[in-house]
Amino acid sequence: MTQDKTADSGIENEVSKGNKFQKPKGVHDILPDTHEYFTFVKKVVRHRCRQSGFRRISTPIFEFTDVFKRSIGNDTDIVSKEMYTFQDRKGRSLTLKPEGTAGVVRSYIEHNMQLLPQPVELYYIEPHFRYDRPQKGRFRQFWQFGFEMIGESDPALDAQLIHLAHLINEDLGVAELFKLQINSIGCMKKECRPRYMTDLKNFYFGKERSLCENCKGRTEKNPLRLLDCKEEDCVILAGLAPTLKDYLCPECKEYHEQLLDLLKALDIEYVENPSLVRGLDYYTKTVFEFWDRETGAQNAIGGGGRYDGLVEIMGGQPTPAVGFAAGIERIVDNMKREHIQVPRKDNLHVFVAQLGYEAKKKCLKLIQKLRDVGIKTVGALGKASIKAQLHLADRFQAPYTIIMGITEVRDNTAIIRDMKRGSQKIVSYDKVLDEMKKLIGEESLDTYSPGEVVY
Ligand code: AMP
């Protein structure tokens with residue numbers, strides 16, 4: 001990195017290395033090999049969500065800043081420190097979405113989805129943005145998939161949602177690495193969470209000096225977060241603090257017990273974790289996360305919970321809901337760590353090499369015909385020698401090369417070369433497609449059909 005200081009801001013120049021640009025800190029390129037994993041994750045998510053009656057939604061990459069402030073809460077880490085907020089040309093404050101639920105709820109209200117059969121079940125696969133401190137598994141742009149069930153409240157819905165997340169983890173081969181942590185943070189009825197908050201604040205009163213810098217400001221603003229701080233002194237104090245479980249109102253208590261019972265019935269292993277609170281204000285009752293069995297919360301792959309008050313806070317009718325989101329980068333990292341192989345769809349079948357203008361013309365047509373029947377084909381249509389083209393075919397790792405030169409044009413033939421064996425045969429031009437299909441095998445063809453559309 002160049003060490004220039006920008007004259008007016010004094011900020012180190014991170015834009016370029018020499019005269020080459022580099023990506024901003026905390027973001028990453030998803031290169032083709034990793035994209036195969038992303039594609040697989042998305043496929044599994046789409047498949048499982050469709051099976052469960054969820055429909056896909058995409059909300060804008062940016063929303064009015066108040067959408068997040070009002071939903072996530074002003075005193076949360078996300079809103080107070082991590083949002084990418086900017087003004088547009090008319091001075092309106094906009095923010096890149098740091099999470100998915102707020103936008104989905106805004107959309108539910110804006111599009112009158114309460115008129116649809118409830119619960120409305122939606123899923124998304126989207127990039128999100130947080131000005132987080134970059135480190136392993138923590139980026140400033142990252143992908144999440146998530147699902148929301150809006151419009152009904154019952155422990156069976158929470159259980160179903162957790163089950164869906166668990167099934168996806170199983171399909172991706174990472175379920176064994178993570179354990180479900182679950183807690184209830186009660187509801188907003190006076191005798192439930194508010195009563196607990198008063199006692200929690202009283203407990204911390206006078207103990208601020210023993211807390212870490214981050215937690216000092218939390219005693220008044222966001223006392224629940226004091227419970228899940230990982231700093232040693234804060235952990236010790238949190239262990240002595242009153243426990244929310246002892247304050248739950250009878251309804252929340254019964255709700256939680258039922259949920260645990262249903263999870264048992266679904267054979268989902270869980271750990272009751274009284275200090276799990278999640279970082280966003282909108283949760284009520286159920287909260288849960290999938291923690292790495294070895295390293296814990298630090299490398300969680302996903303989490304969620306019930307948010308019965310959020311639709312109303314966002315200006316809609318009182319409407320209960322529950323949701324979940326998982327980080328795709330972290331899932332992919334774990335899949336790679338476990339040496340899980342995903343289907344490789346990008347490997348080529350054929351490389352087409354040619355010599356001479358007439359051969360090039362014929363090859364252009366042939367390449368499209370090959371592709372149309374599902375044979376993944378690349379053609380070297382430049383001016384390189386046949387030798388150089390064959391070398392390129394090797395580098396592309398294509399198992400076969402079709403070669404056409406002046407002789408083949410004249411005889412209406414083509415040469416098919418088996419690159420591994422180094423053997424080759426001459427076939428009539430009209431038979432090339434059939435011959436290639438035979439060699440590659442019907443099951444390996446990458447056929448594509450737009451399906452039954454009505455034009
Ligand atoms: P959260 O709603 O913050 O618990 O996020 C849900 C999941 O998204 C987490 O468990 C992570 O897998 C993922 N995630 C959250 N923030 C980031 C980040 N900055 N970089 C990468 N993944 C993240």
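Here are the numbers:
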read-out	value
Yes/no for residue 148 being within 16 Å of the ligand (Cβ to nearest atom) and closer than 28 Å to residue 336 by Cβ	no
Test: residue in region 55-62 that is aliphatic (A, V, I, L, M) and at pLDDT 95 or above	yes
In region 293-307, the residues that are within 13 Å of the ligand (Cβ to nearest atom) and either at pLDDT 95 or above or farther than 18 Å from residue 137 by Cα (or both)	301, 302, 303, 304, 305, 307
Members of region 254-281 found to be within 15 Å of the ligand (Cβ to nearest atom) and either touching a Gly at 6+ places or on another chain (Cβ under 7 Å) or β-branched (Val, Ile, Thr) (or both), listed by number	277, 278, 280, 281
Residue match in region 59-66 (condition: outside any loop (DSSP other than H, G, I, E, B) and in contact (Cβ under 8 Å) with a residue 40 or more places away in the chain)	yes
Any chance residue 311 is in a strand (DSSP E or B), aliphatic (A, V, I, L, M) and either surrounded by 13 or more Cβ atoms within 10 Å (Cβ to Cβ) or away from the ligand (no atom under 16 Å from the Cβ) (or both)	no
Count - residues of region 317-333 that are within 14 Å of the ligand (Cβ to nearest atom) and either outside the structural domain of residue 145 (by TED's automatic domain parsing) or in a strand (DSSP E or B) (or both)	6
Test set (1) over 23 Å from residue 32 (Cα atoms); (2) surrounded by 13 or more Cβ atoms within 10 Å (Cβ to Cβ); (3) aromatic (Phe, Trp, Tyr) - residue 455 fails condition number	(2)
Segments classed as helices (runs of 4 or more DSSP H), wholly inside region 132-243, with at least 2 members that are out of contact with any Lys or Arg (no Cβ under 8 Å at 6 or more places or on another chain) and within 15 Å of residue 305 (Cβ to Cβ)	155-171
Number of the exception - residue 72 against (1) of a type in the set (A, V, I, L, M); (2) under 17 Å from the mean Cα position of the chain (by Cα); (3) within 12 Å of the ligand (Cβ to nearest atom)	(2)
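For (1) of a type in the set (Gly, Ala, Ser); (2) modelled with pLDDT of 95 or more; (3) within 29 Å of residue 41 (Cβ to Cβ), each residue gets a yes or a no:
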| position | (1), (2), (3) |
| --- | --- |
| 79 | no, no, yes |
| 89 | no, yes, no |
| 109 | no, yes, no |
| 123 | no, yes, yes |
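This table checks each residue for (1) of a type in the set (A, V, I, L, M, F, W, C); (2) in contact with an Asp or Glu (Cβ under 8 Å, 6 or more places away or on another chain).
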{"residue": "418", "(1), (2)": "no, no"}
{"residue": "422", "(1), (2)": "no, no"}
{"residue": "427", "(1), (2)": "yes, yes"}
{"residue": "434", "(1), (2)": "no, no"}
{"residue": "438", "(1), (2)": "no, no"}
{"residue": "441", "(1), (2)": "no, no"}
{"residue": "446", "(1), (2)": "no, no"}
{"residue": "449", "(1), (2)": "no, no"}
{"residue": "454", "(1), (2)": "yes, no"}
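Each row is one residue, and each column tells you yes or no for (1) without any contact (Cβ under 8 Å) to a residue 12 or more places away in the chain; (2) over 22 Å from residue 98 (Cβ atoms); (3) buried (at least 17 other Cβ atoms within 10 Å of the Cβ); (4) within 14 Å of the ligand (Cβ to nearest atom).
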{"residue": "110", "(1), (2), (3), (4)": "yes, no, no, no"}
{"residue": "166", "(1), (2), (3), (4)": "no, yes, yes, no"}
{"residue": "178", "(1), (2), (3), (4)": "no, yes, yes, yes"}
{"residue": "190", "(1), (2), (3), (4)": "yes, yes, no, no"}
{"residue": "196", "(1), (2), (3), (4)": "no, yes, yes, no"}
{"residue": "206", "(1), (2), (3), (4)": "yes, yes, no, no"}
{"residue": "210", "(1), (2), (3), (4)": "no, yes, no, no"}
{"residue": "217", "(1), (2), (3), (4)": "yes, no, no, no"}
{"residue": "221", "(1), (2), (3), (4)": "no, no, no, no"}
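The values are calculated or read from the model by the stated rules, or taken from the named source; none is laboratory data. Worth saying up front: this structure is predicted, and the values here are computed from it rather than measured. Please note: Cβ atoms are built from the backbone with ideal geometry, for glycine as well, and neighbour counts cover all protein chains shown.
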